[in-house]
Amino acid sequence: MRFFHFHTPEQVPLSGSPECAVAIDVLRATTTIATALAAGAEAVQVFADLEHLQEVSQSWPAPKRLLAGERGGKAVAGFDLGNSPLDYTPDRVRDKRIFMSTTNGTRSLQRLEKIPVVITAALVNLGAVVDFLKQAAFSEVWLVGSGWEGAFALEDTACAGAILYRLGYHIQLEQLGNDEAVAALALYQTWQTDLLTLLRRSSHGQRLLGLGPENDQDLAYCAAVDHLAVVPRQVQLGVLTHTG
Ligand code: MLT
């Protein structure tokens, strides 16, 4: 398997045809998507645009849908849920379709949606994603961070590095596809024993903490490795379900 890492969706090349893309938004969209599906949500349907989300969600039966929206780290007024993974409890989301739009994570998924296999990764479902990639043995995989409005995000690149490390690429660096993948591995190796500090130090971690110290609970949850055995996978354009 040959792996490429792109820090942001904007860096993803317009040409090229990997068999699989892995969208990463540790803080917090892909952590939340994994949590929602592990808690029994029927599916998560993602949208870059809030108006489009509201229009499409109207065609779904009201008792079976939840609207989830985040902009700038804050919940969108009038929506059922924001983007805190801690709100996606089984009582709240079981059997519901989550119509979701976030600042960066859902845009990143939209950028990748035409790639044959699209999955999402976060630290919470790291092991499940690694097992999936090992079994699938794709010839080329793109690991794509969501970043923040086009800029690099420390936590997404560290998660890409964690995937590569678990797959053993730190002992076969020459098989990595680009410099970004090598850098991701090095970043993860530096922080692997203290991922919570990395999340707190990251600019989006700082932004969330600035919005309210209670967001530290989200950071702690997002930094916890391997506690969900789900691999969210796109089954129709923009619609993710649980394959783990
Ligand atoms: C995003 O998509 O940018 C995020 O997931 C933001 C957040 O809710 O923390």
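The values are calculated or read from the model by the stated rules, or taken from the named source; none is laboratory data. Computed from a prediction, not measured in an experiment: that's the story for all the values here. Quick reminder, even Gly has a Cβ in these numbers, built from the backbone with ideal geometry, and neighbours come from all protein chains shown. Please note that ligands, DNA and RNA were not included when accessible areas were found on the heavy atoms of the full protein model with its side chains. Shrake-Rupley method; radii C 1.70, N 1.55, O 1.52, S 1.80 Å.
Matching residues to (1) at pLDDT 95 or above; (2) at positive phi; (3) crowded, with 16+ Cβ neighbours inside 10 Å:
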position	(1), (2), (3)
His52	yes, no, no
Ala62	yes, no, no
Arg65	yes, no, yes
Pro90	yes, no, no
Asp95	yes, yes, no
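Hey, does the stretch 1-12 have a residue that's touching a residue at least 12 places away in the same chain (Cβ under 8 Å), among the hydroxyl-bearing types (Ser, Thr, Tyr) and surrounded by fewer than 24 Cβ atoms within 10 Å (Cβ to Cβ)? Yes, there is a match, as at least one residue in the stretch 1-12 is touching a residue at least 12 places away in the same chain (Cβ under 8 Å), among the hydroxyl-bearing types (Ser, Thr, Tyr) and surrounded by fewer than 24 Cβ atoms within 10 Å (Cβ to Cβ). The helices (runs of 4 or more DSSP H) found wholly in the stretch 145-237 and carrying at least 1 residues that are among the small types (Gly, Ala, Ser) and free of Cβ contacts under 8 Å to residues at least 12 places away in the same chain occupy 203-211.
Of the residues making up the stretch 163-193, those that are over 21 Å from the mean Cα position of the chain (by Cα) and aliphatic (A, V, I, L, M) are Ile171, Leu173, Leu176. On inspection, Arg97 does not qualify as basic (Lys, Arg), within 13 Å of the ligand (Cβ to nearest atom) and farther than 21 Å from Asp218 by Cα.
From the list Gly78, Gly127, Gly72, the lone residue that is open to solvent by 20 Å² or more (accessible area, probe 1.4 Å), more than 15 Å from the ligand (Cβ to nearest atom) and of a type outside the set (A, V, I, L, M, F, W, C) is Gly78. No other residue among Thr197, Thr243 is under 30 Å from Gly82 (Cβ atoms), open to solvent by 20 Å² or more (accessible area, probe 1.4 Å), at pLDDT below 95 and of a type outside the set (Gly, Ala, Ser) apart from Thr243. Among the residues of the stretch 168-182, are any open to solvent by 40 Å² or more (accessible area, probe 1.4 Å), within 16 Å of the ligand (Cβ to nearest atom) and under 17 Å from Val26 (Cβ atoms)? Within the stretch 168-182, none of the residues are open to solvent by 40 Å² or more (accessible area, probe 1.4 Å), within 16 Å of the ligand (Cβ to nearest atom) and under 17 Å from Val26 (Cβ atoms).
Quick check, is Gln11 farther than 24 Å from Leu228 by Cα and in contact with a Leu (Cβ under 9 Å, 6 or more places away or on another chain)? In short, no.
In the stretch 107-115, is there at least one residue being open to solvent by less than 10 Å² (accessible area, probe 1.4 Å), near the ligand (Cβ under 10 Å from one of its atoms) and either in contact with a strand residue (DSSP E or B) (Cβ under 8 Å, 6 or more places away or on another chain) or at pLDDT 95 or above (or both)? The answer is yes, given that some residue of the stretch 107-115 is open to solvent by less than 10 Å² (accessible area, probe 1.4 Å), near the ligand (Cβ under 10 Å from one of its atoms) and either in contact with a strand residue (DSSP E or B) (Cβ under 8 Å, 6 or more places away or on another chain) or at pLDDT 95 or above (or both).
Just one of (1) under 30 Å from Pro61 (Cβ atoms); (2) within 11 Å of the ligand (Cβ to nearest atom); (3) open to solvent by 20 Å² or more (accessible area, probe 1.4 Å) fails for Glu149. It is (1). If the requirement is being away from the ligand (no atom under 16 Å from the Cβ) and crowded, with 23+ Cβ neighbours inside 10 Å, which of these qualifies: Ala43, Ala34, Ala21? Selected residue: Ala21, the only one of Ala43, Ala34, Ala21 that is away from the ligand (no atom under 16 Å from the Cβ) and crowded, with 23+ Cβ neighbours inside 10 Å.
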